[in-house]
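Take a look at the structure set out below.
The values are calculated or read from the model by the stated rules, or taken from the named source; none is laboratory data. Given the structure is predicted, the values throughout are model-derived calculations rather than measurements. Please note: Cβ atoms are built from the backbone with ideal geometry, for glycine as well, and neighbour counts cover all protein chains shown. Remember, those area values only see protein heavy atoms, side chains included, never the ligands or the DNA or RNA. Shrake-Rupley method; radii C 1.70, N 1.55, O 1.52, S 1.80 Å.
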Amino acid sequence: MHMKRTPYLPKLVGPAFLVAFCCLVLAGCGRNDVRVYSVPKENPEVETASDTGQPHLRCKLPEGWEEREGDQMRLARFAVRGKEGEGAEVSVIPLGGFGSSGGSKDQLLNIWREQLKLSPLPPETATNGSAPVAIGPGQGELYEMVSEQPVMDEKKARTLVALMNANDGLWIFKMTGHADFVLQQKPEFESFLKSIAIDKSAGTPAPRFASTNSKRIPSAEDSQPPRKPNWSIPVGWKEQPAPEMLVSKFEVQIDGGRAEVTVSAFPGDVGGLLANVNRWRGQVGLKELVEGDLANNVAALDLGATKATLVDMIGVNPKSGQKTRIIGAIVPHEGKTWFFKLMGDEQVAEKEKQTFVKFVQTTQFPDA
């Protein structure tokens, strides 16, 4: 029997819910207070347990599934590997107060579609493609999506998502990996879902906008959207309405070419420098870097008291098929990480690079 502490995740409301969810999705695996005991080798039963009034979950793992550490969002996480290097990851995510906090299933589904480089679906049709699926003694909704182009190790990717309503919350069971391998594992995933047992009397925890930096204690301020810094908008930059995930957004047009400048901020290190550089590389179809290659692909950017990182990359935007350049700055400041990104036509990016760098250097950040 495998036992570990269930993370406590208090409620968010409105836009902060999506900020937290996206932030933690992008961040990947963070550190957490997890206790690990013996794990049987063959078809183990796994149980999450807690003395803090949070949910208890028990499940039976299919053969070949290996448990991994959970994090601030994922109550449980498993890795599945094939004989020829294929792979997939399974995660269990409980979201408390989901409906009452402004979340909707179409928003979640479109987040996962974006990860697969698929275009978003309108709210009225996003949930039409579900199939009923047994989750423990109850029933949930199963969604399946596959990328139209290679997005994972030069192969297509597939995501299976099972959603189950619970009290005022939502349970998410998700498998993502190489498309053909996930398809092969679909019966195992459905068997895993059928084995789920949840102690509903303990309630459902909800996400918190929490730092991925284990040395920093999250505070109530983390659930609030960051305040806009003071800056001088360069000539030719036109400010646009910023979506919920962004602090600001600008459009730049030069000689028929176009680029977009975005600014966002999240608590902690959001997975670290390598993860965030690779996230941007994926947006222009470039292969992920390993830690040893990072230093040769970034540059230091002096902001006085703060040391930032500047990246510059050229690739092909998988969505448009057009050659695209990203110039980005990653700036740690007062417990948050700020992301400045210029993305668009190569020629526009080249002409605006120094203006962009100066914009970052002269930004006056709000107090923490």
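Listed values, structure above:
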item: Probe 1.4 Å, accessible area per residue of the stretch 79-176, Å²; result: 44 Å²
item: Lysines whose Cα lies under 23 Å from that of Lys194, excluding same-chain neighbours fewer than 8 positions away; result: Lys4, Lys41, Lys60, Lys105, Lys174, Lys186
item: Value of relative contact order over the stretch 71-184, rounded to a whole percent, pairs C-alpha under 8 Å and six or more apart; result: 28 percent
item: Environment charge at Val360 (Cβ cut-off 14 Å; Lys +1, Arg +1, Asp -1, Glu -1); result: +1
item: Segment Glu334-Thr355, extension gain: residue separation times 0.36 nm, minus the distance between their alpha carbons; result: 5.1 nm
item: Solvent-accessible area, 1.4 Å probe, carbon plus sulfur percent, for the stretch 80-192; result: 46 percent
item: Debye log10 I(q)/I(0) for the stretch 222-305, one point scatterer per Cα, at q = 0.15, 0.22 Å⁻¹; result: -0.82, -1.28
item: Net charge, Lys351 excluded, C-beta distance under 15 Å - Lys, Arg +1, Asp, Glu -1; result: -4
item: Probe 1.4 Å, all protein chains present, accessible-area order of Arg258, Arg227, largest first; result: Arg227, Arg258
item: Sequence-separation-based contact order of the stretch 283-352, relative, with Cα cut under 8 Å and 6+ spacing, percent; result: 25 percent
